[in-house]
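Asker: The following block contains the structure, expressed as structure tokens.
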Amino acid sequence: MNFKPELTSLNQARATFQQIWGYDDFRPPQGEIVSSLLAGKDTLIIMPTGGGKSICFQLPALLQTGLTLVVSPLVALMENQVQELRDRNLPASLLHSQLSRQQRRQTMQSLEQNKLRLLYLSPETLLSKPVWEIISQPHIQINGLILDEAHCLVQWGDTFRPAYRRLGTVRSALLKTQPEGSKIAIAAFTATANPEAQKIIKNVLQLQKPEAFLLSPYRSNLHLQVQTVWTPRGRKQQLLNFIKSRPKQAGLVYVRTRKDSEKLANLLEESGYQTAAYHAGLSPEERRQIETAWLNNQLKFVVCTSAFGMGINKSDVRWVVHYQAPLLLSEYIQEIGRGGRDGKSAIALTLISEPTGWLYPEDKQRKEFFQDKLRSQYREAQQLAKNLPVKGTVDAVGREFPESAIALSILHSSGQLKWQDPFNYVINKSAQPKAEKPNFTIAEEMVKYLKYNQCRWQFLLEAFGFANEAKSMRCGHCDNCR
């Protein structure tokens, strides 16, 4: 019998999937995504939170010889995924700055000896000298580069995590060191990317004819509500009333800063609730403890920043409260996506100040602070560009101009700079800065959503590029529809 190679490999993948994860079959479009990656194609995947994204790249990585690099933005996210893989005795590891020397040495050895199938690391670690020296050796076979939570490239790449902007040349640089005819497929996974963000991801990663799998973010069991509060005291009271009426349910309270999370957690503890503040400033042990307590229902809810939730899988979250509105719609849809993963009803409530901000100016100030900071970073980058050498390496320029990393990434996003490889750049002095829309306009979109008075899901579908579905959308269960 003549099997088509792709069919055989998908059947093989299905068998391995059943054997390792114990599921009967893929959920659409998992099977198609697995096939695409096994065939070595570039792929862009947008699937709602809880849609089983990680299996789509873990499975192909395990079925192939060689290494798949998984670029991931948060330590907590890497730890969760690698722990799950190790619990199943699978050859996966991670590298990040908080590992002990011993752990780091072990991973570097496994990497050097080709013992790993999956290696999780941040963009900064991937481009660090010790790691790059190992992965660019000819005997290290690299099959794929996966960008997990790819929206971070768009949200953070210009002004916060500039290493994201250098990822597009990783493939061509590594292929130079691999045997002739080698292929490295690139796949970008996220739960949220509007058409503009998709374009940026494709351009920055230099995806070649990518297959795209775009799934609507709509979830019929997720009930969206926005509530106006008039004073800071009123906001606290609203939250207390909301939590009090749901004593046995698991939930999450999102705030925007570390300070806010600690302040609010203290306030709730004084009111007799057991909770914890979760943010990026905690040690891995502290984070793991809070996650475990929440997953095991010892803590019913956690007060957290956006650092919580990516990749943490709890299916019975009945409510998500935004104590302060997120600044970006993509953050919002990521965070509400933690609710109701089991398909049962869940509420996503956002508390906002009244429109003028007279009585309660905090929300307005927060947004203005964010936008002012962005504007000044863009201005400083253009100023600094005048003094930077036209050609250079990241390290050398960084020693002379400590602020240069962000300036280089902003110049790249405005079309004035080209990366020759992940470490060397060329500035085109004659190029006019093109206005790739920075996050100011995106922040305006969030404000529009909060003030919107028709179906909230309709607004979100439209914003994320699902215009056809949005046309006929009346969800019937958001605060506006009701």
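Asker: For a quick check: with amide H placed at 1.01 Å from N, whose amide H comes under 5 Å from residue 142's, ignoring anything fewer than 5 positions away on the same chain?
Answerer: 67
Asker: Residue-wise, which Karplus ³J(HN,Hα) couplings in Hz belong to region 66-83, taking 6.51 cos²θ - 1.76 cosθ + 1.60, θ = phi - 60°, and x for glycine or proline?
Answerer: For region 66-83, the Karplus-derived couplings read x, 10, 10, 8, 10, 8, 9, x, 10, 4, 4, 5, 4, 4, 4, 5, 5, 4 Hz, x marking Gly and Pro.
Asker: Next up: Sort region 319-408 into rounded, prolate or oblate with this rule: let a ≥ b ≥ c be the square roots of the eigenvalues of the Cα gyration tensor; rounded if a/c is under 1.5, and if a/c is not under 1.5, prolate when a/b is larger than b/c, oblate otherwise.
Answerer: It comes out oblate by the Cα gyration axes.
Asker: P(r) for region 238-347, please, calculated from all Cα pair distances in 5 Å bins and given in %.
Answerer: Answer for region 238-347: a P(r) of 2, 12, 25, 28, 22, 10, 2 percent.
Asker: Hey, another quick one. Filter the chymotrypsin sites (Phe, Trp or Tyr not before Pro) in region 316-377 to those in DSSP coil with at most 14 other Cβ atoms within 10 Å of their Cβ, and list the result.
Answerer: Values: sites: 319, 323, 332, 358, 369, 370; in loops: 323, 358.
Loop-located and lightly packed - 358.
Asker: May I ask for the distance between the Cα centers of region 289-357 and region 136-187, given as a whole number of Å?
Answerer: That distance is 31 Å.
Asker: Work out from phi, with θ = phi - 60° and the Karplus expression 6.51 cos²θ - 1.76 cosθ + 1.60, the ³J(HN,Hα) of each residue of region 24-33, listed in order in whole Hz, and give x for Gly and Pro.
Answerer: Going residue by residue, I get 5, 7, 6, 8, x, x, 4, x, 5, 5 Hz, with x marking Gly and Pro.
Asker: Another question, if that's okay. Which whole-Hz ³J(HN,Hα) couplings does region 135-140 yield from phi under the Karplus relation 6.51 cos²θ - 1.76 cosθ + 1.60, θ = phi - 60°, glycine and proline marked x?
Answerer: Result, ordered by residue: 6, 9, 7, x, 7, 8 Hz.
Asker: What is the local net charge at residue 132, summed over the other residues whose Cβ is closer than 12 Å to its Cβ (Lys, Arg +1; Asp, Glu -1)?
Answerer: Within the 12 Å Cβ shell, the charges total -2.
Asker: Quick check on my link table: of 209/314; 199/386; 236/364; 202/344; 53/176; 115/391, which ones sit more than 26 Å apart, alpha carbon to alpha carbon? Present the calculation step by step, with values, prior to reporting the outcome.
Answerer: Values: 209/314 35 Å; 199/386 28 Å; 236/364 18 Å; 202/344 35 Å; 53/176 30 Å; 115/391 38 Å.
Violating the 26 Å limit, Cα to Cα: 209/314; 199/386; 202/344; 53/176; 115/391.
Asker: Continuing with this model, one more query. Test of understanding: what is the full-extension gain from residue 221 to residue 88, defined as 0.36 nm times their sequence separation minus their Cα-Cα distance? Please list the in-between numbers first.
Answerer: Working: separation 133, 0.36 × 133 = 47.88 nm, distance 3.18 nm.
Result for the pair: 44.7 nm of gain on full extension.
Asker: Distance between the C-alpha centers of region 371-396 and region 239-278? Whole Å please.
Answerer: The two parts, judged by their Cα centres, are 40 Å apart.
Asker: Here is a follow-up. In Å, what is the Rg of the alpha-carbon atoms in region 187-292, and how long is Dmax?
Answerer: Answer for region 187-292, Rg first and Dmax second: 19.3, 56 Å.
Asker: Restrict the search to region 363-424; then list the trypsin sites (Lys or Arg not before Pro) that DSSP places in a loop and that have at most 15 other Cβ atoms within 10 Å of their Cβ.
Answerer: Sparse-neighbourhood loop trypsin sites (Lys or Arg not before Pro): 386.
Asker: Continuing with the same structure: Quick check on region 10-214: take the gyration tensor over C-alpha atoms, sort the square-rooted eigenvalues as a ≥ b ≥ c, and tell me if it's rounded (a/c under 1.5), prolate or oblate.
Answerer: Judged from the Cα gyration tensor, region 10-214 comes out rounded (a/c under 1.5).
Asker: Of the DSSP beta bridges with both residues in region 10-214, give the percent that are antiparallel, rounding to the nearest 5.
Answerer: 0
Asker: Okay, moving on. Computed FRET efficiency, Cβ-Cβ of residue 269 and residue 482, R0 30 Å: what is it to the nearest 0.05?
Answerer: My answer for the efficiency is 0.35.
Asker: Moving on to the next point. Please compute, for the alpha-carbon atoms of the chain, the extent along each of the three principal axes and give them in descending order in Å.
Answerer: In descending order, the Cα extents are 65, 62, 50 Å.
Asker: How large is the Kirkwood hydrodynamic radius of region 55-108, counting all unique pairs of alpha carbons, in Å? Don't skip to the end; give the middle numbers.
Answerer: Numbers: mean 1/r = 0.0829 Å⁻¹.
With all distinct Cα pairs of region 55-108 included, I get 12.1 Å.
Asker: Mind grabbing the accessible area of residue 164 for me, 1.4 Å probe, Å², rounded to tens?
Answerer: Per-residue accessible area (residue 164): approximately 0 Å².
Asker: Sticking with this structure for a sec: Just subtract the alpha-carbon distance of residue 373 and residue 424 from 0.36 nm times their residue separation and send over the number in nm, one decimal.
Answerer: On the way: separation 51, 0.36 × 51 = 18.36 nm, distance 2.76 nm.
Length gained between residue 373 and residue 424: 15.6 nm.
Asker: Here's another thing I want to ask about it. Given only helices, namely DSSP H runs of n ≥ 4 each adding -39500 (n - 2.57), what is the per-residue ellipticity at 222 nm of the chain, to the nearest 500 deg cm²/dmol?
Answerer: -13000 deg cm²/dmol
The values are calculated or read from the model by the stated rules, or taken from the named source; none is laboratory data. All values reported here derive from a predicted model rather than from experimental measurement. Virtual Cβ from ideal backbone geometry, glycine too; neighbours counted across all protein chains shown. Ligands, DNA and RNA are stripped out before the accessible areas are found, and what is left, the full protein with its side chains, is counted by its heavy atoms. Shrake-Rupley method; radii C 1.70, N 1.55, O 1.52, S 1.80 Å.
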